[in-house]
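Inspection log for the structure reproduced underneath, given as structure tokens.
The values are calculated or read from the model by the stated rules, or taken from the named source; none is laboratory data. Given the structure is predicted, the values throughout are model-derived calculations rather than measurements. As a convention, Cβ positions derive from the backbone with ideal geometry for all residues, glycine included, and neighbour counts pool all protein chains shown.
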């Protein structure tokens with residue numbers, strides 16, 4: 001090597017500082033590696049039967065007067081779970097379409113829409129729900145238990161579950177048209 | 001045939017970069033100049049080779065070769081030719097190739113310079129550039145081959161790099177077409193600009209590493225890469241602004257920046273790059289902060305790779321993320337490798353990177369520059385924390401917590417405000433020493449001016465305290481900068497007998513970096529006006545209107561006139577276009593026509609806002625929903641975005657500023673020498 005610097009460096013990095021730097025670096029890389037492993041796993045895959053979960057509901061957004069939903073009680077219905085948040089801009093893109101789809105399918109009694117509010121505060125969530133005129137059952141995903149179960153990567157994400165409680169389709173990111181939502185539900189209703 | 005040719009050349013290029021790395025190391029170790037020269041020529045070869053590969057890919061894209069998987073995924077028959085070409089960077093495999101191609105262009109440019117004075121850097125610059133290139137080309141060769149073709153075998157149709165036994169080529173009738181969101185002009189230039197910024201930061205990094213390895217740790221590497229850094233910064237900044245413009249026009253939420261993880265990923269190298277740009281000046285003028293500059297350029301490089309990695313690995317979900325892919329772990333390994341080896345090198349050379357001088361005054365320019373650096377780093381920490389925090393919280397508490405835009409806005413706005421404050425003070429302080437008295441004497445006039453402007457705005461425009469502080473700072477910086485400019489020009493006018501315009505011109509020409517920098521400061525302030533405007537004064541409303549009905553927002557009234565729907569079959573798009581009459585305080589202004597375009601091939605909607613843009617505000621109307629069954633009504637979302645046009649105006653001036661600062665000078669060395677002399681004059685003048 002063509003080393004032209006003075007042979008003896010004046011003062012290097014003290015050992016304790018070196019240790020801190022390396023521990024920090026390795027820790028950081030470990031955390032990113034962890035995130036990467038999660039990401040590689042991906043979301044829950046279609047074909048998997050979904051276990052029971054509990055979604056508490058905001059008042060005014062209850063289901064048949066009940067302030068809590070047990071997923072197992074919903075067998076026999078097509079369930080559409082939409083993960084959203086009031087701070088999420090892309091969610092606004094699909095909010096009107098989702099509500100429109102709900103008003104179309106609600107009368108059939110065969111389809112249930114659920115909104116799972118992800119990492120949010122109730123007042124802000126209420127403003128959002130009101131702004132888009134959402135009427136289907138909505139509640140907070142407490143301690144992110146449901147979203148962790150589905151291993152969602154972000155919001156919005158929507159999961160279509162058939163009448164037997166088996167996941168059939170995952171939509172990552174917002175819907176861009178009502179037709180997209182209809183198409184998924186209609187195949188599950190056939 | 002063409003696909004196999006393209007793949008073959010790609011493999012050869014990969015081998016050439018590997019050869020270049022080994023030849024450079026071997027030649028340096030064994031002191032064989034011919035070996036190093038051979039490595040240099042090999043690196044020079046990468047650009048023509050990758051251009052051939054790219055040519056092959058473009059040929060396939062233009063000519064509808066849907067047997068090639070990548071072509072199938074990003075183009076369709078109805079797309080015009082220019083979109084088929086730009087579809088090159090519309091998908092994962094192609095955009096990686098695009099990255100490598102740009103990188104090779106920069107690497108070749110570097111090899112062409114005169115190396116006489118810096119021979120010892122050459123092998124290591126080659127090593128860094130070629131390792132980076134080999135990594136990216138390797139991704140294409142082994143995992144994301146843009147030339148993979150569909151073959152029909154007994155197991156069905158799958159894509160393969162090479163023809164498997166007992167198979168026949170399978171050609172789909174039509175492709176899937178490019179995501180309509182990516183068909184916007186802004187999106188056509190945005191990725192290349194960002195990538196140009198990304199790859200050009202590799203060059204200063206390569207020189208920094210060369211300086212660390214060879215132990216030649218004076219400011220030579222900084223002087224050599226000064227212009228590269230400026231151009232890198234130009235491309236990166238412009239790429240970010242274009243991305244914002246694209247979001248504003250296409251994403252349909254009335255904003256330009258959403259603190260999306262991928263936006264942050266591109267923003268982070270910009271932060272360290274901007275800090276670097278400032279702190280290298282201290283090293284050049286005062287011989288300080290050498291260790292710091294090394295850290296900054298290493299961070300910038302790894303954030304560039306990290307940014308590319310985030311968009312590609314699926315670690316974070318976002319509007320930008322490409323499909324999930326196997327290349328994530330490799331990116332991760334590469335970042336780990338470069339970060340660890342760079343940090344190890346810097347620790348090894350720490351002692352010889354000590355400052356030559358000490359800080360003498362907390363108000364000196366170098367102290368203020370240091371503060372500027374700390375602020376940029378604080379913003380970086382906020383951003384990085386926001387990106388990494390969900391992972392950490394999940395690890396330790398089992399609960400995933402995501403931070404949204406409010407977190408970033410609250411955490412960064414005081415930091416940005418302080419940065420603006422510094423932008424106002426720093427140009428008036430002198431290198432070496434500065435006191436409250438000297439500074440005060442220089443700054444009181446601009447402060448008075450800014451106070452007057454703020455008072456006028458308070459009386460006529462707004463009473464919001466946050467916005468007023470913002471506008472005060474904007475006015476202060478603009479006044480200080482103009483004052484500085486004027487002082488210089490006035491001095492020239494008197495001493496050289498030039499008229500004031502010539503004086504301005506010559507002043508800028510004599511110290512381009514400084515005065516280009518001032519123009520950049522002013523442009524940043526114009527952009528700040530736009531940001532303050534949209535952040536604090538944006539109003540929105542949403543409503544479903546029957547024909548002839550009116551909705552109003554601020555002093556605008558909009559009347560819904562009609563809606564039409566038709567197919568444009570050759571381009572495969574269905575248009576839904578609503579027309580609204582716009583009135584302001586009862587006065588007719590014209591019509592706006594928001595649209596929803598539905599692309600049959602990719603089955604996606606694209607929302608095109610109707611916009612009326614003035615320097616005062618933008619009226620921005622989106623067609624949200626329209627059902628043929630209820631043709632009487634349509635739902636609209638309406639925004640008034642005050643002052644947002646200043647943001648785009650500022651970015652144009654910004655471009656001009658960087659070009660002035662980065663334009664090549666003929667007698668670079670002599671100018672640098674003169675600058676040195678001037679600094680001494682200034683320091684003594686400030687006494």
Query raised in the report: Would you say residue B:559 is touching a helix residue (DSSP H, G or I) at 6+ places or on another chain (Cβ under 6 Å) and farther than 27 Å from residue B:181 by Cα?
Result: no
Query raised in the report: Of the residues in the stretch B:242-253, how many are in a helix (DSSP H, G or I) and either modelled with pLDDT of 90 or more or within 11 Å of chain A (Cβ to nearest Cβ) (or both)?
Result: 2
Report task. Determine, yes or no, whether residue A:80 is under 18 Å from residue A:164 (Cα atoms), surrounded by 21 or more Cβ atoms within 10 Å (Cβ to Cβ) and over 16 Å from the mean Cα position of the chain (by Cα). Result -> no
**Report entry** Count - residues of the stretch A:83-116 that are within 15 Å of the chain's Cα centre (by Cα), without any contact (Cβ under 8 Å) to a residue 40 or more places away in the chain and more than 10 Å from every other protein chain (Cβ to nearest Cβ)
**Finding:** 1
Report task. Residues being within 7 Å of chain B (Cβ to nearest Cβ) and either farther than 29 Å from residue A:166 by Cβ or modelled with pLDDT of 70 or more (or both): count how many of those fall in the stretch A:2-41. Result -> 20
Query raised in the report: So is residue B:119 surrounded by fewer than 22 Cβ atoms within 10 Å (Cβ to Cβ) and within 14 Å of chain A (Cβ to nearest Cβ) or not?
Result: yes
Report task. Among the residues of the stretch B:465-488, count how many are more than 18 Å from residue B:447 (Cβ to Cβ) and at pLDDT 85 or above. Result -> 3
Query raised in the report: Out of the stretch B:142-158, which residues are surrounded by fewer than 17 Cβ atoms within 10 Å (Cβ to Cβ) and touching a residue at least 40 places away in the same chain (Cβ under 8 Å)?
Result: B:143
Requested in this report: Taking the options A:139, A:154, name whichever one is over 10 Å from the mean Cα position of the chain (by Cα) and either within 8 Å of chain B (Cβ to nearest Cβ) or within 22 Å of residue B:405 (Cα to Cα) (or both).
Outcome: A:139
Report task. Check off (1) in a helix (DSSP H, G or I); (2) on the phi > 0 side of the Ramachandran plot for residue A:133 and give me the number that stays unchecked. Result -> (1)
Report task. Read through the list (1) modelled with pLDDT of 90 or more; (2) more than 28 Å from residue B:261 (Cβ to Cβ); (3) touching a helix residue (DSSP H, G or I) at 6+ places or on another chain (Cβ under 8 Å), then give the number of the only condition that residue A:134 fails. Result -> (2)
Query raised in the report: Which ones in the stretch B:337-376 are at the interface with chain A (Cβ under 10 Å from one of its Cβ atoms) and either under 23 Å from the mean Cα position of the chain (by Cα) or touching a residue at least 12 places away in the same chain (Cβ under 8 Å) (or both)?
Result: B:339, B:343, B:346, B:348, B:349, B:350, B:352, B:353, B:354
Report task. Return a yes/no flag: does the stretch A:101-115 have any residue that is part of a loop (DSSP other than H, G, I, E, B) and surrounded by fewer than 22 Cβ atoms within 10 Å (Cβ to Cβ). Result -> yes
